[in-house]
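The structure appears right after this line, and notes come after that.
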Amino acid sequence: MSTAPYRTLLRTPGAAAFFLTATVGRVGIAMTGLGIVWLVHARTGSYATAGSVTGGFAVAEALVGPQLARLTDRFGQTRVLPPTLLAHAAAVAALLALIAGGRPIALMALGGALAGATVPQLGALSAARWVALLRDERPAGLPSAFALESLANALGFLAGPALVSALGASGHPALGTGLAAALVVAGGGALAAQRRTAPPPSPYGAAERSRAGRSLLRPGFVVLAGLNLAIGGYFGAVQVSVTAFAVEHHAAAAAAPVFAVSNCAGLAAGWLYGLRRWRTAPGTQLAVATAGLALGSLLLLSAGSPTALGAVSVLTGAAVPPVLVLLSVLAQAAVHRAVVTQGFTWLNSAGAAGSAGAAAVSGRVVDGFGAHGGFAVAAAATTAMAVLAVAGLRAVRGPATAGRGL
């Protein structure tokens with residue numbers, strides 16, 4: 001299959017520059033949460049404390065991220081990003097000082113929350129730039145653009161955690177957290193400097209912005225938020241369950257290869273999906289893709305060895321990228337152009353909430369019923385997702401022109 005769709009997109013003036021700089025920043029974002037775990041545990045010896053600080057980071061990111069996106073839609077990326085990046089750098093420096101000084105858990109958790117509240121949503125900002133470049137004149141290119149975004153995200157979460165874990169294991173956890181912040185600031189700063197491709201600030205008054213914001217409450221977008229919540233639940237449950245499965249089979253080291261195989265299958269599937277111009281409506285594609293992911297998740301329950309689990313993980317890993325791409329395609333069509341960044345960020349927050357909740361639930365289930373109980377949580381999440389995708393098919397098809405005007 002020809003790679004012409006990707007080459008054409010990246011030859012769009014300014015596209016390769018903003019895509020690559022946002023990708024660099026996303027590697028740093030992927031490092032940050034795990035870097036905090038390594039750092040806090042190294043200083044305190046407590047995973048419970050590390051979890052509290054990381055939890056503060058995650059909750060603040062999920063709650064404050066959409067508010068930063070709201071400001072970005074109103075005032076523009078080039079005005080909002082620089083102070084956000086400065087605040088993030090200061091927050092990470094404060095967090096490092098609190099941890100190094102052995103401050104109380106509450107203060108360290110507050111430092112984690114400040115770091116999470118100021119982390120820029122570079123994936124949403126990059127996606128918003130693709131929408132601004134393509135939605136009016138080349139809408140057929142959006143699925144390929146979002147496939148590139150999915151690839152960048154997958155690469156970030158392959159490279160970032162591996163890098164910060166290597167630094168943590170070698171006795172340099174603070175370096176991992178500092179490097180993560182440096183990558184976020186460097187990538188975000190370079191993105192802010194690229195004014196040509198930045199979506200223009202909202203030209204609307206308060207009343208018009210309020211009406212535009214109501215597109216975030218339309219049934220189609222609410223369905224998409226629910227779907228992101230469900231796929232986040234899948235991610236959270238699988239992370240816990242695969243690790244528990246490997247330990248149960250006295251092969252703890254097998255967890256890393258299983259995750260790697262799944263991620264590599266996802267990279268290949270995302271790449272191939274973006275190469276093709278699909279004629280089937282995105283809503284219909286989403287229903288099929290979520291059904292495939294649900295089927296693969298059910299097969300996880302039948303795995304009897306790490307090898308079998310790895311084979312099934314190829315199927316589930318390959319099913320994820322098309323789902324993520326289609327959710328982005330439908331999201332940009334479901335909301336008004338004045339709140340595109342908010343739309344993407346709210347969906348990210350829904351996914352993060354689903355992941356955190358499912359990780360907590362599956363941890364308790366694994367303690368009581370073993371790893372297969374955790375896989376049952378993942379299967380329940382993806383089954384609910386498939387049912388919601390089919391039931392909400394009309395809703396997600398309906399707002400196809402919602403972003404065109406007020």
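Quick note: the coordinates plus some simple rules give every number you see, no bench work behind them. Predicted model, so just to flag it, every value in this text is computed and none were measured. Don't worry about glycine lacking a Cβ; one is built from the backbone with ideal geometry, like all the others, and counts go over all protein chains shown.
Apply the membrane-span-like helix rule to the chain: whole DSSP H runs, Cα extent along the own long axis of at least 24 Å, mean Kyte-Doolittle hydropathy at least 0.5. List the helices found. Let's see the in-between values first.
On the way: long enough: 15-44 (44 Å, 1.27); 47-75 (40 Å, 0.47); 77-100 (34 Å, 1.43); 142-169 (40 Å, 1.32); 173-192 (29 Å, 1.60); 219-248 (43 Å, 1.39); 255-275 (31 Å, 1.27); 282-300 (27 Å, 1.35); 306-334 (41 Å, 1.67); 340-369 (42 Å, 0.56); 371-391 (30 Å, 1.60).
Result, helices passing both filters: 15-44, 77-100, 142-169, 173-192, 219-248, 255-275, 282-300, 306-334, 340-369, 371-391.
For ALA140 and ARG276, calculate 0.36 nm times their separation in residues minus their Cα-Cα distance, and state this gained length in nm to one decimal.
47.9 nm
Taking every eigenvalue of the Cα gyration tensor of region 202-328, multiplying by 5 and rooting it, what semi-axes result, largest first, whole Å? Please list the in-between numbers first.
On the way: eigenvalues 245, 59, 32 Å².
Output for region 202-328: semi-axes of 35, 17, 13 Å.
List TYR234, TYR6, TYR273 from most exposed to least, where exposure is judged by having the fewest other Cβ atoms within 10 Å. Mind showing how you got there, number by number?
Values: TYR234 27, TYR6 18, TYR273 23.
Fewest-to-most ranking of TYR234, TYR6, TYR273: TYR6, TYR273, TYR234.
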